[in-house]
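Okay, structure first, notes after.
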Amino acid sequence: MRSKSQEKGTAALRGRAFRALVQIADSQYFEDRLGELIDIATVRGALGDIKDVVGRGVRSLAEGEKQRFDLATQLVDLACAVAPVDGALSVELAMGVLHVSASPRTVDHAVTIVFRAEGPEVRQFGEYLLTVGDASVRAEVREALGRAE
């Protein structure tokens, strides 16, 4: 099935626009939408940009730079967008964020990775979330891990 951007011949433009937004995701707030708006092919084309911006954001968080928005959760949301493309990379990106900033909201968003990806790294990540998450997170992770069995 072809997407609207393929039908209109705008897929390349859409990819460039997404990459441009990703490149500023460590300084601009996109609510909970940036990682949810895009198809797998576009995410695949933006993996380098996503890795770069998550790395910059993690350094900013680790250095204690003042944030105007919930940067940690936005970075985890980008890691979640990577999950269907590369589960291990998704976990690596999310863990980088969670090591420096693991608010309940950020941990809750990270559960998405366990639903979207498979593999030993993802399972191990789910086990980690069981140890750091609240009751709601633990229930969601158990559900996601149960579906993977």
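The values are calculated or read from the model by the stated rules, or taken from the named source; none is laboratory data. Worth saying up front: this structure is predicted, and the values here are computed from it rather than measured. When we count neighbours, we look across all protein chains shown, and the Cβ atoms used for this are built from the backbone with ideal geometry, even at glycine. All accessible areas refer to the heavy atoms of the entire protein, side chains included, with ligands and DNA or RNA removed. Shrake-Rupley method; radii C 1.70, N 1.55, O 1.52, S 1.80 Å.
Where the accessible area of the chain is counted over protein heavy atoms with a 1.4 Å probe, how much of it, in %, is carbon and sulfur? The partial results should precede the final answer.
Details: 4090 of 8100 Å².
Solvent-exposed carbon and sulfur of the chain make up 51 percent of the total.
When the chain is fully extended, how far beyond the present Cα-Cα distance does Arg33 get from Ala88, taking 0.36 nm per residue of separation? Display every interim value, and only then the final one.
Working: separation 55, 0.36 × 55 = 19.80 nm, distance 2.22 nm.
Separation in residues times 0.36 nm, less the Cα-Cα distance, equals 17.6 nm.
If R₀ is 30 angstrom, what is the calculated FRET efficiency for the pair Ile40 and Glu127, using the beta carbon separation as r and rounding to 0.05?
Numbers: r = 26 Å, r/R0 = 0.86.
For R0 = 30 Å, the calculated efficiency reads 0.70.
Taking 0.36 nm per residue of sequence separation and subtracting the Cα-Cα distance, how much length would be gained by fully extending the chain between His99 and Arg138, in nm to one decimal? Please list the in-between numbers first.
Numbers: separation 39, 0.36 × 39 = 14.04 nm, distance 1.85 nm.
Once the chain is fully extended between His99 and Arg138, it gains 12.2 nm.
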> Per residue, what accessible area does the chain have, given a 1.4 Å probe and all protein chains present, in Å²?
Replying inline: 54
> Shape of the range 52-105 from its Cα gyration tensor (a ≥ b ≥ c, root eigenvalues): rounded if a/c is under 1.5, otherwise prolate when a/b > b/c, or oblate?
Replying inline: prolate
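From the mean inverse distance of alpha carbon pairs (Kirkwood) and the Cα radius of gyration, derive Rg over Rh for the chain. Intermediate values should be presented prior to the final figure.
Working: Rg = 15.3 Å, Rh = 15.6 Å.
In the chain, Rg relative to Rh is 0.98.
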> Once both labels are modelled 7 Å past Cα along the beta-carbon direction, what's the Lys66-Ala17 spacing in nm?
Replying inline: 3.4
> Residues with beta-carbon under 12 Å from that of Leu34, excluding Leu34: net charge, scoring Lys, Arg +1 and Asp, Glu -1?
Replying inline: -4
> Hey, can you rank 78-88, 100-110 by average C-beta count inside 10 Å, highest first?
Replying inline: 78-88, 100-110
>> Restricting to DSSP H runs of at least four residues, report the calculated mean residue ellipticity at 222 nm for the chain, -39500 (n - 2.57) per run over all residues, nearest 500 deg cm²/dmol.
In response: -22000 deg cm²/dmol
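Give the relative contact order (percent, whole number) for the chain; include only Cα pairs under 8 Å separated by 6+ residues. Show your work: numbers first, answer last.
On the way: 166 pairs, mean separation 27.7, N = 149.
The normalised contact order for the chain reaches 19 percent.
At a threshold of 8 angstrom on Cα-Cα distance, excluding pairs fewer than six apart, so keeping six or more, what relative contact order does the range 101-143 reach in percent? If you can, show how the numbers build up before the last one.
Numbers: 26 pairs, mean separation 18.5, N = 43.
Dividing the mean separation by the residue count of the range 101-143 yields 43 percent.
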